[in-house]
Amino acid sequence: MITPIQLAPYAAREANSRGRRYPEPSPHYRGEYQRDRDRIVHSAAFRRLEYKTQVFVNHEGDMFRTRLTHSLEVAQIARSIARVLHVNEDLAETIALAHDLGHTPFGHAGQDALNECMREHGGFEHNLQSLRVVDELEERYAEFPGLNLTYEAREGILKHCSPLKARELGEVAERFLNQRQPSLEAQLVNLADEIAYNNHDVDDGLRAGLLSLEQLEAVELIHSHLREVKVKYPGLAGRKLIYETIRRMINTLIVDLVDTSVARIQALAPGSLEVIRAHNEPLIAFSAVLQDHNLELKRFLRTHLYKHYRVHRMTAKADRVLKDLFSAFMQDIRLLPPEHQAHAQRQEATHGNSGRARVVADYIAGMTDRYAIAEHKRIFDPRELT
Ligand code: MG
């Protein structure tokens with residue numbers, strides 16, 4: 001086992017890990033959390049993130065973020081924060097790389113559509129699906145289903161969970177039933193995710209021409225940094241002006257997050273991870289001022305980017321594609337590829353209609369944007385013969 005040096009007493013430690021669901025011998029020359037990360041990088045679900053929408057559909061342009069590049073940006077930010085807080089960088093990276101594995105094609109539009117389809121069958125939530133991918137859906141190992149990750153990685157992947165689902169999931173979700181907190185590594189990935197998407201969505205929105213700098217100046221977080229850049233580099237324009245602004249925004253948010261979190265950790269002076277878990281609120285946080293600025297940016301993006309008519313057109317199309325696929329597979333199971341068909345029949349035999357629905361939802365959720373479009377064409381376009 002490799003123990004990273006200089007870990008704080010409240011960091012997640014392999015020596016205190018709650019282990020894997022199926023016990024395995026320790027790896028050579030790697031730590032347990034490194035092994036978790038490596039399994040994620042080698043998984044099929046991870047590779048498929050390359051062709052899944054973040055905000056813009058993959059084929060809208062090569063320069064936009066995808067779920068894959070988003071996950072890499074989250075991992076970069078999470079590692080920086082973990083290192084400075086002396087918590088477990090390997091675990092933080094693992095959680096960051098895995099956090100969006102359960103995303104459907106077409107981003108949040110896809111998730112909402114699938115959730116509606118699954119209303120009578122237990123619903124669909126991408127975060128729960130990420131856990132399902134690593135626990136069950138990846139098929140790679142002879143001795144267990146899924147990737148058999150450590151408890152700490154699985155707990156970190158499960159960001160939110162209803163009490164009903166938490167009772168179903170058991171140990172990994174127990175904190176949602178007894179109001180406990182996850183590790184600092186999980187807490188910081190959660191906010192690294194926010195820092196990443198708020199900033200890259202501004203960048204992508206500008207690149208796509210759906211947002212303008214003039215419009216963005218109404219947002220304090222952007223306004224203050226843009227002004228700073230313009231003072232320092234009068235005459236700077238275009239991509240450099242945008243990037244100099246965004247890199248400052250990311251930096252301000254990370255520095256604020258670290259300063260605020262360090263102060264909160266020092267005030268509590270936790271002697272172990274158990275104290276972090278038992279605390280009444282998360283210790284990783286932005287200051288009140290930055291929290292407000294961040295919220296303002298989020299609201300701005302919701303109104304002006306996520307609800308922009310060009311994004312909405314994609315959302316509406318995605319909704320139709322996924323709902324069509326779901327109802328076609330539910331009506332005629334023989335439309336599914338043979339291995340999914342056999343699996344659906346087995347699940348239906350034990351869990352009825354909801355068993356079949358879950359297999360269909362898993363199949364659709366695993367699709368990339370372009371695969372979903374092609375599959376829709378194959379099933380609905382009479383000119384497609386195969
Ligand atoms: Mg994310």
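Remarks
- Farthest positive-ward along the range 316-380 dipole, Cα basis, beta-carbon charges - from Leu325, His351, Leu336: Leu325
- Placing R0 at 25 angstrom, the Cβ-Cβ distance between Leu236 and Met63 gives a FRET efficiency of 0.80 after rounding to 0.05.
- For the range 14-310, relative contact order (Cα pairs under 8 Å, six or more residues apart, normalised by length) works out to 17 percent.
- Highest-MSF residue in the chain out of Lys52, Lys165, Lys323 [GNM, Cα springs under 10 Å]: Lys165
- The chain shape via C-alpha gyration tensor axes, a/c threshold 1.5: oblate
- The dipole here belongs to the chain: it is taken about the Cα centre, uses +1 on the Cβ of Lys and Arg and -1 on the Cβ of Asp and Glu, and is about 500 debye.
- Value of relative contact order over the range 178-318, rounded to a whole percent, pairs C-alpha under 8 Å and six or more apart: 39
- Span from the the range 303-377 Cα centroid across to the the range 41-116 one, whole angstrom: 20
- Value of [θ]222 nm, deg cm²/dmol, for the chain, DSSP H segments ≥ 4, -39500 (n - 2.57) each, nearest 500: -19000 deg cm²/dmol
- Inter-label distance, nm, simple model (7 Å from Cα along the C-beta direction), His223/Ala328: 5.0
- Note on Tyr151/Gln76: beta-carbon distance plugged into 1/(1 + (r/R0)^6) with R0 of 22 Å gives a FRET efficiency of 0.30.
- GNM on the chain, alpha-carbon springs under 10 angstrom: the most fluctuating residue among Pro337, Pro270, Pro105 is Pro337.
- Between Ala285 and Ser261, the built amide H atoms are under 5 Å apart, and every one of these is 5 or more places off in sequence or on another chain.
- The apolar share of the surface of the chain, taken as the fraction of accessible area on carbon and sulfur atoms (1.4 Å probe, ligands and nucleic acids excluded), comes to 52 percent.
- Spin-label pair Gln6-Glu139: with each label point 7 Å from Cα along the Cα-Cβ axis, the two points sit 4.6 nm from one another.
- Largest GNM mean-square fluctuation among His28, His279, His103, using the chain with Cα springs under 10 Å: His28.
- Between Arg180 and Glu24, the modelled labels are 2.5 nm apart [label points 7 Å from Cα along Cα→Cβ].
- In a fully extended conformation the segment linking Val275 and Lys298 would gain 5.1 nm over its present Cα-Cα distance, using 0.36 nm per residue.
- Amide proton proximity set for Gln54, modelled H, under 5 Å, gap of 5+: Arg67
- Per residue, the average separation of C-alpha pairs within less than 8 Å and at least 6 apart gives the range 45-166 a relative contact order of 20 percent.
- The dipole here belongs to the range 238-386: it is taken about the Cα centre, uses +1 on the Cβ of Lys and Arg and -1 on the Cβ of Asp and Glu, and is about 640 debye.
- Rounded accessible area per residue of the chain, 1.4 Å, Å²: 48
The values are calculated or read from the model by the stated rules, or taken from the named source; none is laboratory data. Since the model is a prediction, treat every value here as computed from it, not as a measurement. Methodologically, a virtual Cβ is constructed for each residue, glycine included, from the backbone with ideal geometry; neighbour enumeration extends over all protein chains shown. Ligands, DNA and RNA are excluded from the accessible area calculation, which covers all protein heavy atoms including side chains. Shrake-Rupley method; radii C 1.70, N 1.55, O 1.52, S 1.80 Å.
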